[in-house]
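The structure appears right after this line, and notes come after that.
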Amino acid sequence: MAETKQNKEGGAPVRVALFVTCSVDLIRPSVGFAAVKLLEDAGCQVSVPAAQTCCGQPAYNGGDRGNARAIAEQVIAAFAGFDYVVAPSGSCAAMIQVHYPQLLDSEAARELASRTYELMQFLVDVRGMGRVAAQLDASVAYHDSCSGLRELGIKEQPRTLLASVDGLSQSDYQGSETCCGFGGLFCVKYPDIANKMAADRTQAIEASGADMLLGGDLGCLCHLAGKLSRDGSTVQVRHVAEVLAGMTDAPALCQGEAEK
């Protein structure tokens, strides 16, 4: 999955389809716009297929293989014909890369998996991006979400790009690779355990002295942002794409919720 595909003959840009994800669409559209900017900066021609749906991960994780397969088939059809499919989410990208071939055992699923990447993975490993033209005076900690880290091997890619942001310093917190407790349906089925896992992470984030928490999965970020907000923390939480694209004008996740 790490081979770099060159631009087509004549210098035409690589055709990339953005898999927006449900959470970005419904909760944080600014992440989608940031992803488009970063992809265009990497020399890509970006499309957003209108027919796209959920990746099917909630159904898959809940044991509903029938609906998960039906959703996967819709996704395969919607993203046919593009050079790459890119998602600003490790969990959704891993669902397509890793689990679609297992779920469907079809050539179409394997073919889509072979050209699907998470955003940071694609920018660094495929397009060779090493720098961004962004500026932010802040100290940030990065949370390594489980799917991105363990299924896709995403660790250094976002940190490499963050190192090029003017004015930004990185302060990784202890336990950044430990699950935050979100886990999709896990936090619904086991809320007390999920809350304790989030509390362990937010305490470590506060101890790091970082002004801002970044990550690549909106579900994990919302889970941690909610806990930080309820505890009255001043730490802001954002998707890493927003910082790398220089699009941090919008309020941070859950900002101001503690006062409501």
Completion exercise
Only helices counted: for the chain, with every DSSP H run of 4 or more residues adding -39500 (n - 2.57) and the sum spread over all residues, [θ] at 222 nm is -11000 deg cm²/dmol
Practice task
Express the relative contact order of region 75-171 as a whole percentage, based on alpha carbon pairs under 8 Å and six or more residues apart in sequence.
Solution key: 30
Handout entry: Contour excess over end-to-end distance, with Cα ends at residue 64 and residue 174 and 0.36 nm allotted per residue
Key = 36.0 nm
Problem - Charge dipole magnitude, Cβ of K and R +1, D and E -1 - region 9-125, Cα centre, debye nearest 20 - result: 240
Fill in the blank from the handout: In terms of the charge dipole of the chain, which places +1 on Lys and Arg and -1 on Asp and Glu at the beta carbon, the residue among 169, 85, 60 farthest towards the positive end is 60
Handout entry: region 173-251 - percent relative contact order, Cα under 8 Å, separation 6 or more
Key = 29
Exercise for the section: State whether the chain is rounded, prolate or oblate according to the following rule on the C-alpha gyration tensor (a ≥ b ≥ c being the square roots of its eigenvalues): a/c under 1.5 gives rounded; otherwise a/b larger than b/c gives prolate, and the remaining case gives oblate. Expected result: oblate
Exercise for the section: Within region 41-66, which residues have the backbone N less than 19 Å from the label spot 7 Å out from residue 80 along Cα→beta-carbon, could you tell me? Expected result: 47-55
Fill in the blank from the handout: For 227, 37, 196, ascending order of other Cβ atoms within 10 Å (fewest first) is 196, 37, 227
Completion exercise
Given backbone amide H placed at 1.01 Å from N, residues whose amide H is under 5 Å from that of residue 132, ignoring those fewer than 5 places away on the same chain, are 164
Exercise for the section: Provide the gained length on full extension for the span residue 192 to residue 163, in nm with one decimal, where the gain is 0.36 nm per separating residue minus the Cα-Cα distance. Expected result: 6.8 nm
Problem - Of 37/227; 37/196; 155/189; 155/227, those spanning more than 27 Å from alpha-carbon to alpha-carbon - result: 37/227; 37/196; 155/189
Practice task
Report, in cubic angstrom per residue, the convex hull volume of the C-alpha atoms of region 130-259.
Solution key: 97
Completion exercise
Per-residue Cβ contact counts at 10 Å, fewest first, order 145, 89, 169 as 169, 145, 89
Fill in the blank from the handout: In whole angstrom, the spacing between the Cα centers of region 117-145 and region 154-199 equals 15
Exercise for the section: Just need the relative contact order of the chain here, percent rounded to a whole number, with Cα pairs under 8 Å and 6+ apart. Expected result: 18
Handout entry: Two-decimal ratio, region 60-183, of alpha-carbon radius of gyration to 2.2 N^0.38 Å
Key = 1.20
Completion exercise
FRET efficiency for residue 203 and residue 25 from the Cβ-Cβ distance with R0 = 41 Å, rounded to 0.05, comes out at 0.85
Problem - Rounded, prolate or oblate (a/c below 1.5 giving rounded, otherwise prolate when a/b exceeds b/c) for region 22-123 by Cα gyration tensor - result: prolate
Problem - Footprinting exposure proxy for 234, 116, 248 (fewest neighbouring C-beta atoms within 10 Å first) - result: 234, 248, 116
Fill in the blank from the handout: Here the gain from full extension of residue 139 to residue 106, 0.36 nm per residue of separation minus their alpha-carbon distance, amounts to 7.3 nm
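Quick note: the coordinates plus some simple rules give every number you see, no bench work behind them. Treat the numbers as computed from the prediction; the structure is a model and nothing was measured. Note that each Cβ is placed from the backbone with ideal geometry, even for glycine, and that neighbours are counted across all protein chains shown.
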